[in-house]
Amino acid sequence: MDFIARATAIVGGTMVLLRRMSAPAAQAVGLTPTIPEAKKQGIMTLKMPTAKGWEPGHKPTAAQGLKVNAFASGLAHPRWIEVLPNGDVLVAEALQTERPPTSLMDRVMQATMKRAKAIGVSANRISLWRDPDGDGVAEVRKVFLEGQNQPFGMALVGDTFYVGNTDGIVAFPYEKGATKLTGPGRKLVDFKPGGHWTRSLIVSPDGTKIYAGVGSLSNIGDSGMEAEEGRAAIWELDLATEKARIFASGLRNAVGTAWEPVTGQLWTVVNERDGLGDETPPDYLTSVQDGGFYGWPYCYWGKTVDDRVEQDAELVARAITPDYALGGHTASLGLCWMPEGTLPGFGDGMVIGQHGSWNRSTLSGYKLIFVPFVDGRPSGAPRDILWGFLSEDEKVSYGRPVGVTIGPDGKSLLMADDVGDVIWRVTGA
């Protein structure tokens with residue numbers, strides 16, 4: 001694998017240099033992005049920095065007026081965060097697992113991802129963290145739940161705790177203040193595992209439903225659309241009837257979800273397809289309509305057809321244009337609503353954890369950003385909250401942002417960093 005990784009770096013570096021010569025100067029970002037014409041790459045750009053982690057005393061850079069500290073450290077690939085009503089902070093620790101490679105490209109991808117700490121042995125647990133003295137650093141660490149199948153999303157409704165494993169949603173009995181789940185889990189919904197394996201969960205404002213993001217198996221339906229059935233979608237689970245349905249589809253990899261309180265609308269961030277260029281198409285933030293279709297794999301950013309895919313004209317005609325572009329291959333994963341007053345100098349808006357690209361000539365993402373909202377809609381350019389996760393020469397990553405949520409005090413953000421193995425806490429300076 002080391003030889004393959006080195007060979008990949010040499011070939012990938014050559015392709016990156018060639019593509020940088022024609023790379024666009026500006027990212028496709030905002031309400032009306034300029035999206036370059038697609039350029040089929042043939043050999044896909046493959047550029048992923050080596051995972052390094054943080055040296056003692058080294059940490060991300062925070063925007064003016066803010067400061068950052070490690071709330072929790074020493075985790076095993078922390079991906080997602082859930083804050084319980086009593087202030088306990090739960091962290092899903094999971095990782096994409098290795099599988100037997102089926103092609104040379106598979107071998108190349110796995111070697112590259114292993115170097116970037118994006119694939120390996122998954123901890124398959126949820127840990128619990130408490131900060132009894134309120135100093136912004138957790139003093140108590142417990143194993144809340146273990147033996148899961150790549151756990152990611154978490155949700156508490158009454159006395160039931162829900163976990164989004166890669167193969168479905170599981171329910172557990174929960175007692176207030178518990179530091180460990182002891183009852184047996186009950187599977188409510190089956191999902192196809194693997195591929196884009198994360199399964200985010202969010203509860204409806206009235207507590208009657210749970211919404212789950214289920215990503216595609218492949219880039220553009222490479223194994224046929226039968227293999228993609230039930231995927232590239234957001235599912236809705238009715239908690240009273242325990243029946244589930246697809247709420248919205250054509251979303252290649254919808255990960256984080258959040259409720260916008262002015263309109264009551266569900267929003268999500270979506271990772272778009274690869275192989276068409278540095279900025280084509282951009283990842284995006286969008287409101288999610290019941291029954292809405294968002295294009296994948298047939299088209300992107302509305303009705304721009306991807307001619308690599310056998311077409312479905314009826315679905316293309318139905319495709320909804322996303323609300324807000326986030327730039328090509330930023331891998332925008334984390335999402336939460338942040339009300340005005342949470343952090344000094346920031347109004348209402350969405351906070352987005354950008355895990356960072358691996359497939360463009362100049363890397364993108366690798367930061368925590370804020371998109372301002374006015375009257376329930378995105379308004380204005382994004383602002384950086386945290387950055388400095390990537391070395392200036394783009395060769396190593398100190399960290400990679402993933403899940404983000406409001407801290408227990410309502411005056412901070414908590415963000416999972418799955419390369420640094422840290423939960424960062426952002427507050428006013």
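Please treat every number below as a calculation from the coordinates, not as lab data. Keep in mind the model is a prediction, meaning the values are calculated, not measured. When we count neighbours, we look across all protein chains shown, and the Cβ atoms used for this are built from the backbone with ideal geometry, even at glycine.
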For this session: Hey, for a label at V157 modelled as a point 7 Å past Cα toward Cβ, could you say which residues of region 192-225 have their backbone N under 19 Å away?
Result: 199-214
Seminar exercise, completed: For the pair V121 and E175, the simple spin-label estimate (label points 7 Å beyond Cα toward Cβ) gives in nm 3.3 nm
Exercise. Give or take rounding to whole Å, what are the principal axis extents of the alpha carbon atoms in region 314-378, in descending order?
Worked result: 42, 32, 15
Exercise. Say R0 is 25 Å: what FRET efficiency, to the nearest 0.05, do K52 and R141 get from their beta-carbon distance?
Worked result: 0.55
Exercise. Which log10 I(q)/I(0) values, to two decimals, does the chain give at q = 0.08, 0.12 Å⁻¹ under the Debye formula with one point per Cα?
Worked result: -0.40, -0.97
Seminar exercise, completed: With the convex hull built on the alpha-carbon atoms of region 26-156, volume per residue in Å³ sits at 208 Å³
For this session: Give me the number: length gained by fully extending I246 to D375, i.e. 0.36 nm times residue separation minus the C-alpha to C-alpha distance, one decimal in nm.
Result: 43.6 nm
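Nearest 0.05, what FRET efficiency do E226 and K303 give at R0 = 25 Å with Cβ-Cβ as r?
Efficiency at R0 = 25 Å is approximately 0.55.
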Exercise. Residues with amide H under 5 Å of G349's amide H, sequence separation 5 or more or different chain, H placed in the peptide plane at 1.01 Å from N; which?
Worked result: M338, E340, F373
For this session: Would you calculate a helix-derived [θ] at 222 nm for the chain, using -39,500 (n - 2.57) for each DSSP H run of n ≥ 4 and dividing by the full residue count, to the nearest 500?
Result: -2500 deg cm²/dmol
Seminar exercise, completed: Expressed to two decimals, region 165-308 has a Cα Rg over Rh, using the Kirkwood radius, of 1.01
Exercise. Given R₀ = 35 Å, FRET efficiency for D133-D190 by Cβ-Cβ distance, to 0.05?
Worked result: 0.25
Exercise. T61's amide H: which non-local residues (gap 5+, or another chain) put their own amide H closer than 5 Å, with H modeled 1.01 Å from N in plane and none for Pro or chain starts?
Worked result: W387, G388
